[in-house]
Amino acid sequence: MTDKTMTPEDVVSRLRSGMTLGIGGWGARRKPMALVRALLRSDLTDLTVISYGGPDVGLLASAGRIRTLVAAFVTLDSIPLEPHFRAARQRGAFELREIDEAMFLWGLTAAAHRLPFLPVRAGLGSDVMRVNPGLRTVTSPYEDGETFVAAPALRMDAALVHLNRADRRGNGQYLGPDPYFDDLFCAAAEEAYVSCERLVDDFGTALPQTLLVPRHDVSGVVETPNGAHFTSCVPDHGRDEAFQKMYATTPWPRFAERFLSGDEKAYQSAVQAWHEEQQ
């Protein structure tokens, strides 16, 4: 079988400015942060980002890499609204296409099945139809004649996700409580790149339902221990709440200068040094 292992820089070399990029995870949970940081070290820009948003969106928005964001929310979970996203949005740094969480799910599902849309009840009677005037409704062709929102397919040029384990062929496993729709991100994208806490030779006696992402949906695999930091990747590690609080309250230029001016090894070293300073 093909060995699909890559470095974060290899993944970024496959991406291009102007792409539509999906980023898996949920809020501040199991985000492919090492890949996002590698993207920040590149000159890629003008991106359309599709994400259940967290600090991935905050970083990319602050760095001016996003042209359009498609999201239902952007949160740090324990901090309800991602502050760097909010600041970028308030200064009009990118276009925002807001959709309901259920629309997001069915948009991913439609794209995974190569459908133009899927009907969903979510959003009817809400302001999402006002703030996103591009949304349309459809009428059931059957006797019920019911009206639905036509959730548009969320097609992507590439998707980035982070899982607990993966093998060199591209199969991915999650060990935490929730898949966060990462399998749909991979299936909905033309190419998908999986970072993981640890590469394994095989999954042994793993429960079949934990083997989330099949190799045929994956173009590359990257081993990035602690690569979801500062988001959680349970059971390997929880969210680094102290670091997240510091991130949320530190002006972007100062944060970027200290933590994002080098490679991934430099980032992890800077994080360790910061924690030592707090003792």
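For the reader, a short list of remarks on this structure follows.
- Long-range neighbours under 7 Å by Cβ, at least six apart or interchain, first residue at pLDDT below 95 within the range 219-246, second assigned to a loop (DSSP other than H, G, I, E, B) and buried (at least 16 other Cβ atoms within 10 Å of the Cβ): none
- There is no residue in the range 15-23 that is within 16 Å of Gln244 (Cβ to Cβ), in contact with an Asp or Glu (Cβ under 9 Å, 6 or more places away or on another chain) and in a strand (DSSP E or B).
- Matching residues, the range 236-246, being touching a Phe, Trp or Tyr at 6+ places or on another chain (Cβ under 6 Å) and either surrounded by fewer than 16 Cβ atoms within 10 Å (Cβ to Cβ) or in a helix (DSSP H, G or I) (or both): Phe243, Gln244
- Within the range 29-61, the set of residues being under 15 Å from Leu76 (Cα atoms) and more than 10 Å from the chain's Cα centre (by Cα) comprises Gly58, Leu59, Leu60, Ala61.
- Being within 15 Å of Leu175 (Cα to Cα) and assigned to a loop (DSSP other than H, G, I, E, B) is not true of Phe230.
- Subset tally (residues that are among the aromatic types (Phe, Trp, Tyr), free of Cβ contacts under 8 Å to residues at least 40 places away in the same chain and surrounded by 12 or more Cβ atoms within 10 Å (Cβ to Cβ)) for the range 127-179: 1
- Residue count for the range 118-147, restricted to those that are modelled with pLDDT of 95 or more and on the phi > 0 side of the Ramachandran plot: 1.
- The strands (runs of 3 or more DSSP E) found wholly in the range 37-144 and carrying at least 3 residues that are farther than 17 Å from Ser17 by Cα and not β-branched (Val, Ile, Thr) occupy 95-98, 117-120.
The values are calculated or read from the model by the stated rules, or taken from the named source; none is laboratory data. Predicted, not measured: the structure shown is a model, and the values here were computed from it. Cβ: placed from backbone, ideal geometry, glycine included. Neighbour counts: every protein chain shown.
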